[in-house]
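Bear in mind these aren't lab numbers, they're just calculated from the coordinates by the rules spelled out. Everything quoted here is computed from the prediction, not taken from an experiment. A quick note on method: Cβ atoms are made from the backbone with ideal geometry, for glycine too, and the neighbour counts reach across all protein chains shown.
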Amino acid sequence: MARTYRVTIAQLNPTLGALAGNADKAHAAWLQGRAAGAGLVALPEMFITGYQTQDLVLKPAFVEDARAHIEALAARCADGPALAIGGPLYEAGRLYNAYYMLRDGAVAGIARKHHLPNYAVFDEERLYTSGPVSGPFGMDAVRLGTPVCEDSWYEDVAETMVESGAEILLVPNGSPYARNKLDRRMGHMVSRVIENGVPLIYLNMVGGQDDQVFDGGSFVLNPGGKLAMMLPVFDEAVAHVDFDETNHGWVAREGEKAVHPPVIEQEYRLMVEALRDYLHKAGFSKVVLGLSGGVDSALVATIATDAIGAENVRCVMLPSEYTSEHSLEDAEAVARKLGCRLDTVPIGPARAAVTESLAPIFNGMAPDVTEENIQSRLRGVMLMALSNKFGEMLLTTGNKSEVAVGYATIYGDMAGGYNPIKDLYKTRVFATCRWRNETHRDWMLGPKGAAMPDRVIDKPPSAELRADQKDEDSLPPYEVLDDILGMLIEGESSVADCVEAGFDRDTVKKIEQLIYISEYKRFQSAPGARLTSRAFWLDRRYPIVNRWRDNS
Ligand SMILES: Nc1ncnc2c1ncn2[C@@H]1O[C@H](COP(=O)(O)OP(=O)(O)OC[C@H]2O[C@@H]([n+]3cccc(C(=O)O)c3)[C@H](O)[C@@H]2O)[C@@H](O)[C@H]1O
Ligand SMILES: Nc1ncnc2c1ncn2[C@@H]1O[C@H](COP(=O)(O)OP(=O)(O)OP(=O)(O)O)[C@@H](O)[C@H]1O
Ligand SMILES: NC(=O)CC[C@H](N)C(=O)O
């Protein structure tokens, strides 16, 4: 009689360092798999520790603790299916990124990651030794090869495993979202099944860790590359994959095929998940932010409301003499539509006190950006006071265009613990606001309908730090700025490339200069949700002091 084999895959959200909690999640998935008659329950890469551990994994006590939790999990899961889970392995003076097979109460086998990613946000060569390519795990009915994440982006590991008998490939991943990443993953995995003629399970985790968000989207391919199953993005899911033995080897039965939403929705969801996980995993349940009546803080307030609910979001209007009537009205309208609390804290009296204190030293000097920045810093002082008093994390609101050119006040509006829109260019801020105004999904805790009035989106952006100030007094229009930034940052293009593309050379040189001289601001800035493969922090590491300029 033809045999069948069931693998339960657990697309779950670990918390970095919460070893016992992650083990409990793995155990709960194992119970589901056991109840469903699975032969194996599989979890993603480094699930016991959470991913990415960065240098924490260089601490021997952490690795020993992770190993102890894996062994305890093996004992808990003795009576039922095998359990496969990622974790670190310290062996003969070397550290590996490993995938453990637990069976009959013990560690039955270990695969060691061979290809260590060492680009973008990954530094695995700094942390781990490249392992030898292992042969397959012999399970009850099948032989299973387990290339770990990056291993499956190359031909050799899967090929060697299949040559040594693997009949099914199971790829555990810690693969964070970046724009169009699913196409890249799919391209690599289709190549592996076509080259090797065996089915493949691609298993990713979900959830936010610092700036990165693991987007799930686990899937199953049959030989030839046909999709047999697709799980949703961002949701936790435990699914059963059934394989039938045929004359041509194992074939996965067709199952759920989730259709993933368009990029604008995925990225909005990502910013929501990133913020919620950052707060909850760090032990916060509430936030505070300055709501200016402008579009950036309106979007951040909306993301926060969708992530943790209006009752946990405090908005604060901190007007000065330059705050326009429409800003007051717009801040009020946004908070009302979202259902958030809005407090008003005028900064005039504090500003007068600072001006008076500094007057003897500034005597005879004309006002300049110093006085503008004092206002911004006083807002930071007030907002951090509220944060301290009420235990609400301060959100900062600079979009990627501003962060790129340093258009923000250090220790002023840059004050804050997390920036949900740090990797979202201003032109995308506008598009995202329009999209959210027209769209509501079950996972949004905020209200249906337009939370951001048209005027908030359509008015010319202004910092309102002096009379009649507009962003375009200091910067090119955002459509132009964002295109140039896209070339200089995402594309690493030269100044000559930008001129060739039709941009004015003086404008490009000015933007280049602003990017380089604001490196110190980004170094001191809050982390934020990573959307692209060129987000500020780990993807792009530039020197702070740098006198090179591109004279092309
Ligand atoms: N390489 C370096 N390494 C370390 N520190 C460095 C530095 N270069 C300057 N600095 C320090 O940084 C200071 C200059 O930076 P900073 O004080 O931020 O001042 P700055 O960048 O000159 O001014 C802030 C700009 O952001 C604009 N803006 C836009 C949007 C919103 C807001 C807002 O506040 O709401 C502001 C504002 O209109 C103004 O043009 C220097 O005085 C110096 O202390
Ligand atoms: N009057 C204000 N009341 C409350 N917060 C303010 C006020 N002005 C500025 N802020 C805070 O400082 C941030 C930067 O402000 P600013 O208005 O200068 O720049 P922006 O990038 O155009 O942001 P926004 O689009 O939110 O106005 C705002 O997003 C907000 O969090
Ligand atoms: N965990 C990993 O090996 C990450 C690198 C991997 N290729 C990715 O999906 O981004």
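Where does the chain land at 222 nm, in deg cm²/dmol rounded to the nearest 500, when only DSSP H runs of n ≥ 4 count, each adding -39500 (n - 2.57), divided by all residues? Intermediate results must be reported in sequence, preceding the final value.
Values: 18 runs with 208 residues, N = 552.
Calculated mean residue ellipticity at 222 nm is -11500 deg cm²/dmol.
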Report summary line: Checking rank on 74-82, 389-397, with mean other Cβ inside 10 Å and highest first, the result is 389-397, 74-82
Requested in this report: Could you size up the charge dipole of segment 4-255 around its Cα centre, putting +1 on the beta carbon of Lys and Arg and -1 on that of Asp and Glu, and report it in debye to the nearest 20?
Outcome: 200 debye
Requested in this report: Give me the distance between the Cα centres of segment 141-181 and segment 247-325, rounded to whole Å.
Outcome: 32 Å
Query raised in the report: What relative contact order, as a whole-number percentage, does the chain give when Cα pairs under 8 Å and 6 or more residues apart are counted?
Result: 11 percent
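Can you order the peptides 192-204, 236-248, 331-343 by their average number of other Cβ atoms within 10 Å per residue, highest first? Before the final figure, lay out each step's value.
Details: 192-204: 21.8, 236-248: 16.2, 331-343: 19.4.
Taking the mean over residues of other Cβ atoms within 10 Å, the ranking is 192-204, 331-343, 236-248.
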**Report entry** Translational D in µm²/s for segment 264-467 (Stokes-Einstein at 25 °C, 0.890 mPa s, Kirkwood Rh from C-alpha pairs)
**Finding:** 143 µm²/s
Query raised in the report: Convex hull over the alpha-carbon atoms of the chain: what's its volume per residue in Å³?
Result: 172 Å³
Query - Within straight-line cross-link reach of Lys25, lysines at Cα separation under 18 Å, skipping those fewer than 8 residues along the same chain - result: Lys281
**Report entry** Spatially proximal lysines relative to Lys422 (Cα-Cα < 16 Å; intrachain offsets below 8 disregarded)
**Finding:** Lys400, Lys521
Query raised in the report: Which of the lysines could be linked to Lys257 by a straight reach, that is with a Cα gap under 17 Å, when you skip same-chain ones fewer than 8 residues away?
Result: Lys226
Requested in this report: Compute from the Cα atoms of segment 116-250 the Rg and the Dmax, the latter being the longest Cα-Cα distance, and quote both in angstrom.
Outcome: 14.8, 47
Query raised in the report: Taking the Cα centre of the chain as origin and charging only Cβ (+1 Lys, Arg; -1 Asp, Glu), how large is the dipole, in debye to the nearest 20?
Result: 880 debye
